[in-house]
1. In this structure, does residue C:31 turn out to be of a type in the set (Gly, Ala, Ser), within 12 Å of another protein chain (Cβ to nearest Cβ), surrounded by fewer than 17 Cβ atoms within 10 Å (Cβ to Cβ) and in contact (Cβ under 8 Å) with a residue 24 or more places away in the chain?
2. For the range B:234-244, state whether one or more residues are open to solvent by less than 40 Å² (accessible area, probe 1.4 Å) and within 12 Å of chain A (Cβ to nearest Cβ).
3. In the range C:139-177, what residues are among the acidic types (Asp, Glu) and in contact with a helix residue (DSSP H, G or I) (Cβ under 6 Å, 6 or more places away or on another chain)?
4. Among the residues of the range D:63-104, which ones are among the aliphatic types (A, V, I, L, M) and either out of contact with any Asp or Glu (no Cβ under 7 Å at 6 or more places or on another chain) or in a strand (DSSP E or B) (or both)?
5. Tell me, which helices (runs of 4 or more DSSP H) lie completely within the range A:247-365 with 3 or more residues that are at the interface with another protein chain (Cβ under 10 Å from one of its Cβ atoms) and open to solvent by less than 40 Å² (accessible area, probe 1.4 Å)?
6. So residue D:168 ticks every box in (1) surrounded by 20 or more Cβ atoms within 10 Å (Cβ to Cβ); (2) facing another protein chain (nearest Cβ under 8 Å) but one. Which box is left unticked?
7. Residues of the range A:134-154 being within 24 Å of the chain's Cα centre (by Cα) and either aliphatic (A, V, I, L, M) or closer than 24 Å to residue D:151 by Cβ (or both), which ones?
8. Pick from the range C:73-98 the residues that are open to solvent by 30 Å² or more (accessible area, probe 1.4 Å) and not charged (D, E, K, R): which of them is nearest to residue C:6 (Cα to Cα)?
Amino acid sequence: MYKIAFDLAWKSLIRRKTRTLMVIMMIALSLSGLLFLQGLYDGMVSHMINTSIRSDSGEISLYAKQYRLEKTIDYHIDDPRAIKAYLHQSKEIDAYAIRLSGEGLVATAHKSLGATLKGVRLEDERRFGDFDTFLFQGKFDFGPKKQEALIGFKLAEKLKVTTGNRLVFTAQDASGEINAISFRISGIIKSGNLAVDEGSVFVSIETMEQFLALPNSATQIALRIKDKSQVNSIQSMLQKKFSTLDVLRWDELYPLLIEMRDMMDIFNWLSYAIVFAVAALGIFGVILMSILERMREFSIMMAIGTPYKNIRYQVISEAFIMAIAGYIIGAILGLGFLVYTASSGIDLRYYQAGLESFGLNAILYADIRYHYFFQAFASVFFATSLSILWPLHVLKKIKPIEIIQGKML
Amino acid sequence: MLYSLAIKNILASKSRTLTIFLLSMFATAFFIVYVAFTNGSHEQMIKSSVEIYTGYAHINAKGYQEESDYDHLIEDAGQIETFLNQKPFVSNFSPRFETYALLSQKEKTVGSMITGIIPSRESSFSHLKSSLVKGSYLEDNDTRAIYIGSDLAKRLSIDVGDEIAMISSSLDYSTAADLFKVKGIFKTGLFDFDSSSAFVNKTYLDSVMMSENKASYFVVSFIDNKAADHYVETLNNDLPQNYEALSWKTLLFDLVQLIQVDSLFGYISISVFFVVIFFVIMIFNYVNIYARVRQIGLLRALGFTPKDIRVLLFNELLIIALLSVSFGAIVGAVITYYLEIYPITISGLAETYKEYGIISDTIPTHFDTFTIIWNALSIFILNISSMFYPIYKINKLSVTEAMRYV
Amino acid sequence: MKLTHISKIFFPNSLKEVKALVDINLTFEDGEFTTLSGESGSGKTTLLNIIGGLERPTSGSVFIDELELTALSDKQMADYRLRHIGFVFQAYNLISVLTVRENIGFIMKLLRYDEAKINKRIDELSGILQIEDILDKLPGQISGGQQQRVAVARAVASRPKLILADEPTANLDSKNGERLMKMLRSLNEKEHVTVIFASHDRYVLEQSKRIIVLEDGAVIEDR
Amino acid sequence: MRYLLSFIIILSSFLYGSEADDIIKAVEDNLRGDFMYAKMRMIVTGQRGERTIEMESWSQGDTKSFIKILYPKKDRGITFLKLDTQMWQYVPKIERTIKIPPSMMLQSWMGSDFTNDDMVKESSMIKDYNARLISKTASSATIELLPKPNAAVVWGKIIVDVDISNKVPTKEIYYDDQMQKVRIMTFSNIQRHGSHNLPMIMELKPLDAEKKKNSTKIIFEKVNYDTPIDASYFSKNALKRYSN
């Protein structure tokens, strides 16, 4: 019997091609637009989170207590070898980076600016966050004598320097002496992490230890966790193990990003709600109208003995055939947009200054995640279900004979 | 005749008419409220950046933006003062003298921006006074009183009543040094600002810095700040040669671009929204027209030309569209207006995000008649453009096809 | 089939109260070809609807064989209609999205007849009703007369005990009306179906074997 | 003011004995004294016109020095102490001693074209350059100084004209990394003080476009190389103690 209803539904849709296509197109276009937006927003946020994790915090960072507050090398981790040995054998940790940073002044013959000098090991950074992919110009190398440095592109812009130029970095060492050290710029870094791009100079950690007179020390040990869902438990485990240190998650280090992600989520959710509220209204209208229009037909069907549930099933089938067709086309179209935007990106160079001040690339890339499609399906399903409730209610209440006799038309 | 028939038709099929009417009305109201929220949040962004401190326009000596040193000061502040006083569209202005100085307390010395302000004039158009969190705001006759950012106070480990030393260069490059007592601590929520700014009564600071009748720049606000660009242009035409006026759009270029990007995304979202509304209205019109296909066939049989039918249907849909959009606009406007006066409050929002410059618990909405009219017009145009296809489609049916249509 | 003390009152106990039927007692035998006749508002259609289980009488009962139709639930009544009663209405009887063939087979399909049996029956009926040429057309593409013949074919297809036809010729010109009646008459004879009309069409009356005339809800003539 | 000179003059004692190195070494030996007292005037010319600062300086070797401002009256008694690479300032008006933070190091010193950094930089940076003789006459030589690869100096190169007989420089041109001229320093009025020859007038001229009008001139009025200076000058207590 359901087959008959389904058959009828199918034929009804085919027969009313134009309106069926319009509904399908409405669902498909709005869905693909939403998928595209969602992917783009997620792409923006995850880009920012990702670059912050890769270029700095990892999933978890260890600091000496007080360091986050005071930001001076007085609060450094002494002898990280034991920690390092532990991290090395730990199965949960994918990679780690030990860094020794100092605030100071970076100068050319013309200009000087405040900056952070970060002592790192390039090999570790490469493993830690593919840091080499942030290289914008020059080469990813500190030179044979560790006398070369990588510099954030915004800082380079402000200092008007480029690769091959020399910088002098002045900072206070562990004993309070102000020392100066010079580096040649081997490469320029464009990470998308503002702190890195605007105010960081990367040098070899050995040079840094010497310069700050802090042999075998670190200010930060950043960790990449294998299983991202375990971050919280690993954090508390590490905190117990290294009780003298601050063990902080990336989201504690970059709370702004979390806020942004939340905002984007709210925005995505809102867009979905609004668009699907309207789309549901559309589906609702079409179903209702097509029922009102076929009232007589339904009445006759009921009069000659067609069970109500058969007709209900027909109406439901009509709605869901359109919804599913719309979903499939929309999903394919949306996927197409997303794949294109994920690979080629959207060029917003016109708004470069604004985007970069926000830590974004001028070319935006979208994210593609499975859950978009599930979420979209759920939304379509929900909107459709909601939109057939009232029409079915109307249908249920009709008195076939009155309609056949023209009392309601 | 066609007109009255159209009205009769509208009234005859009440449920259909009502559905289209409600949909179009909701769409209009929705859209208006949505845009109001977007604009509200942008307004908030501008407000929190512009109104907290930057101001809607600056007047400074040419070159000051590039090199903010003593070589690019306003040398005769009185002249600018007189100049601005003559401008009826300038509602408020005040000179500021900004300089870099060392603030020192015991062992801690921090480089910061010290700004001389006229406290009473400043409070009328920046948020300095209302950002007070401890102690009190400056007064025009204050001498060794300093009003300091909360994070800067933290960096220096000082509190209200403590004394700090300031060392800087006076205008003749002699050492300017003085002791100040912390009178008040402010927090605007703009971290950079709160962690590196301090304010002193300009009259007193001038005596220390030898900057009497000098200013780094004038902050200016206008009778209508929305037209700041226009006024700035007017100012630039009249200003003495070596001075320039800059609007907040230039001063906060990054922010402006950020808002543009956000608007761009807003438009993308809205266009998705528009696509849906367009289709929904078109589908409704289509179904509405096809539900009456037999009647139309009858009219054709009675001698109506396709053009008559077109005019008839167009009249019908136009009347519905006009009514629903205007009604929707009114509903949207009322909601927007209400939300502007009684904004949605999410308690704890400011508490949670105060570090990031969110200084109120409310979700801002912006009521603007022009925007509302514009929004309503867009939906109306959308409405009209969605009529063509269904009307075209029905006129393609022959009379007999139409009459037999089931 | 027996109707006992059937009364139907619309809007009871209100100012608009209408006594559509007053204490009707009738008996119909199998194979009848009967017309309920009378002026508009005489109650003939209401009576037909009550016989067909589309409407419930305010009081009284309808018995078909030993089954009290009026005691059934709505759902049971619908099922009874499906299995045992065929309807032909004034106009637009057909399901617009189905072809003529599918329309005729619709009830049989609902009753789960197998495909071969359905096709056989359609062929049989289309011959009698002269609709072979339009079997694959949609209702919108055929004339009103043809539509009514198809409606008749659908009504009789599953061999119900009873065919009820409410003004089947009202929307047809006399030629088409005559044709339809002839065909119904021949079906009545060939297949021994009971047919009851509600009509005041002269031609319908001429063809009927029994005519029951109603006036103000009461039977005034039964011949 | 010892470090000012050391800053200007570049000595290189560790180089193998090329002629250029010898000349530079001779200049260094001439200018270097164990102790130095000087009284001088600094004339700073800027956009706003000209102003004069008078001061006294006491120094020992390359690493310790003490400066006291005598004029203008407003600044009288301000003292600076430099020990190695750190620098403190005392301001009598507020009776406070302030340690100059690293972030202030590149700020102008007393409104001059010298930066705080110029003031504290050790003369040990002299070992940062390689010397090469460009031309030589009987009385003078032009030497090019190129920073060694590891040297923490901002200059791309320095060209020094040396008065060979007096063992003093006469002109120094500073280039940036792109070999653009950044500033020029000239030396004149050479006088003999005990065993040392000293140019009594030094003038620094920045060449950046926006500083075209600027210049800083230092005129030595009194110089004493040969009297030991009390160690009490080189402690933080001295800042306040010798302020008056």
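1. Details: of a type in the set (Gly, Ala, Ser): yes; within 12 Å of another protein chain (Cβ to nearest Cβ): no; surrounded by fewer than 17 Cβ atoms within 10 Å (Cβ to Cβ): yes; in contact (Cβ under 8 Å) with a residue 24 or more places away in the chain: yes.
It is false that residue C:31 is of a type in the set (Gly, Ala, Ser), within 12 Å of another protein chain (Cβ to nearest Cβ), surrounded by fewer than 17 Cβ atoms within 10 Å (Cβ to Cβ) and in contact (Cβ under 8 Å) with a residue 24 or more places away in the chain.
2. no
3. We begin by selecting, within the range C:139-177, every residue among the acidic types (Asp, Glu); these are C:166-167, C:173.
Passing the criteria: only C:166.
4. Here is the first cut: in the range D:63-104, the residues among the aliphatic types (A, V, I, L, M) are D:67, D:69-70, D:78, D:81, D:83, D:87, D:91, D:94, D:98, D:100, D:104.
Within the range D:63-104, D:67, D:69, D:70, D:78, D:81, D:83, D:87, D:91, D:98, D:100, D:104 meet the criteria.
5. Numbers: elements: A:250-253, A:255-293, A:295-303, A:308-343, A:352-356.
By residue number, A:255-293, A:295-303, A:352-356.
6. Residue D:168 satisfies all of (1) surrounded by 20 or more Cβ atoms within 10 Å (Cβ to Cβ); (2) facing another protein chain (nearest Cβ under 8 Å) except (2).
7. Matches in the range A:134-154: A:135, A:152.
8. Restricting attention to the range C:73-98, the residues satisfying the condition of being open to solvent by 30 Å² or more (accessible area, probe 1.4 Å) are C:73-76, C:79, C:83-84, C:90, C:92.
Now narrow it down to the ones that are not charged (D, E, K, R): C:73, C:76, C:84, C:90, C:92.
Details: C:73: 18, C:76: 20, C:84: 21, C:90: 24, C:92: 29 Å.
So the residue we want is C:73.
The values are calculated or read from the model by the stated rules, or taken from the named source; none is laboratory data. Only a predicted model underlies this, so the values are computations on that prediction, with no experimental measurement involved. When we count neighbours, we look across all protein chains shown, and the Cβ atoms used for this are built from the backbone with ideal geometry, even at glycine. Surface accessibility is based on the protein's heavy atoms, side chains included, excluding ligands, DNA and RNA. Shrake-Rupley method; radii C 1.70, N 1.55, O 1.52, S 1.80 Å.
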